[in-house]
1. Considering all projection directions equally, how large on average is the shadow of the alpha-carbon convex hull of region 1-97, in square nanometres?
2. Express the accessible area of the chain per residue in Å², computed with a 1.4 Å probe while the remaining protein chains stay in the model.
3. Let me see the pair-distance distribution of region 108-195: every alpha carbon pair, 5 Å bin width, integer percents in order.
4. Tally Lys/Arg at +1 and Asp/Glu at -1 over every other residue whose Cβ is under 14 Å from the Cβ of Ala242; what's the total?
5. More than 12 Å apart: what percent of Cα pairs in region 47-90 qualify?
6. Filter the trypsin sites (Lys or Arg not before Pro) in region 1-65 down to the DSSP loop ones having no more than 16 other Cβ atoms within 10 Å, then list what survives.
7. Calculate the FRET efficiency for Gln131 and Met166 from the Cβ-Cβ distance with a Förster distance of 22 Å, rounded to the nearest 0.05.
8. Calculate what fraction, in whole %, of the accessible area of the chain sits on carbon and sulfur atoms when a 1.4 Å probe is rolled over the protein chains.
Amino acid sequence: MAALHDAPLETLFLPFSNGALRWPQGPVLFLRARDGAPLRAHAGAGPLVCEQSFRPFAEAIERAGGTVRSEDEIDADATRYALVLVLPPRQREEARALFARALALAAPGGIVVACQSNNEGARSGEGDLQQLVALGGKLTKNHCRAYWTVPLQGNHDEALRQRWAMLDAPRPILDGRFHSRPGVFAWDRIDPASALLVDQLPADLGGHGADLGAGFGYLSAEVLARCPGVTALDLYEAEGRALALARRNLRDTGSKAALHFHWHDVTTGIDGRFDFIVSNPPFHTPSRADRPDIGQRFIAVAAQALRPGGKLFLVANRHLPYEQILNESFGEIRVAAERDGFKVIAATRARAHVRTGGRA
């Protein structure tokens, strides 16, 4: 769901509303698009394609009538765009690769317009785009910086663009056990909270399980390696870039368990009845807003999706306010471990469970 006031999105469109730039007649591409009034105001002005790999943001665009296509679909299409809008991520390698894609997808004479908030790397982003091609203008407002290129006529640094295009390519990590890429949560390491959770997994865990917020697949890989009694495992992940990595990383585990991958926002609920669930839930959005309610909703959804007597193994920052929803949703709760500011909760769904209602 889009924020009530999305300052980078609003500022991105300001050059068009104040007359600094004209909205083109040709097709427009919006990379890392987010829904909001500024986008809707221009949606009917011509062909507009949005790319967004984070499921809640993609669904918000689609609910508003927008068209969302995947990274692979856009790159495989021969369409080149008169305007490429970009909301760059905070991670710099990922952002540089996105600038490189934007230039490759722009039509001759097209421009690239980007915007970031000042505390999310705006000055660095502007400098990076300027390394690729001369800038045609910029403006600052709403504690954000919007900046754009001159019309593109092969006047960019193609060698640098090609190098940057590979900066967020999937690559082996941890001695080749996994593949990951910049921008994915804990992309080049094992998150210490997930490692703590793995240490508490009982070897006799079995049956049909789920991993809520699966990331690039570390928790699921460990469940399959440590718990031979697992017969099926469903991975739920809202970030499509991470889910694609999880598919790759779990392709050759050697486990006979049936695997199912879901590009899905867990907070909307999940189908099925599971014997166990593991989760290291997020507690902020891609815009880095602190959102403990997301983890609270993960807990409520897990309780609804577990069979009576089913178990939840969850790890969280020690300070997060999860105790009330745990007590409301589960019959038996214990702190299995605490270390380095994290806590592992083991909870069992009561045999006579009363479902919790509402959404965060």
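1. The directionally averaged projection comes out at 6.4 nm².
2. Result: 45 Å² of accessible area for each residue.
3. The distribution over region 108-195 is 3, 12, 17, 16, 15, 14, 11, 7, 4, 1, given as percents.
4. -4
5. 65
6. Arg22
7. 0.90
8. Heavy-atom surface of the chain belonging to carbon and sulfur, 1.4 Å probe: 49 percent.
The values are calculated or read from the model by the stated rules, or taken from the named source; none is laboratory data. Source: prediction; values computed, not measured. Quick reminder, even Gly has a Cβ in these numbers, built from the backbone with ideal geometry, and neighbours come from all protein chains shown. The accessibility values were calculated without ligands, DNA or RNA, using every heavy atom of the protein model including side chains. Shrake-Rupley method; radii C 1.70, N 1.55, O 1.52, S 1.80 Å.
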